[in-house]
Amino acid sequence: MKTLGAIAIVICLVTAGCGYHDHYHYGYHSEFRQAREDFRRAGWEAREELRRARQDAQRELRQAREDFRREMRQAHRDFRDEFGRW
């Protein structure tokens, strides 16, 4: 009878312990996995935002360069028209 009671107690403890243990670790790993995924997603979004900002800056620089060249050509024409060819 003692052996049967001891075996029943051990089985109950092992079964209850394993269920709690698995649930605890599964929750921990799933939170860790979710945090890692959120971190990766935030990194991807930051890289995309940086890429768009870089493209916008390059576009603005190209436009400013073209505007400057256009104004310089016009100023050169105006100067030539004012003073004639040398």
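The values are calculated or read from the model by the stated rules, or taken from the named source; none is laboratory data. Worth saying up front: this structure is predicted, and the values here are computed from it rather than measured. Surface accessibility is based on the protein's heavy atoms, side chains included, excluding ligands, DNA and RNA. Shrake-Rupley method; radii C 1.70, N 1.55, O 1.52, S 1.80 Å.
Can you pull out the residues in segment 68-86 that are open to solvent by 100 Å² or more (accessible area, probe 1.4 Å) and part of a helix (DSSP H, G or I)? Residues satisfying the conditions are Phe68, Arg69, Arg70, Glu71, Met72, Arg73, His76, Arg77, Phe79, Asp81, Glu82, Phe83. Taken across segment 51-67, residues that are aliphatic (A, V, I, L, M), at pLDDT below 95 and open to solvent by less than 90 Å² (accessible area, probe 1.4 Å) do not occur at all.
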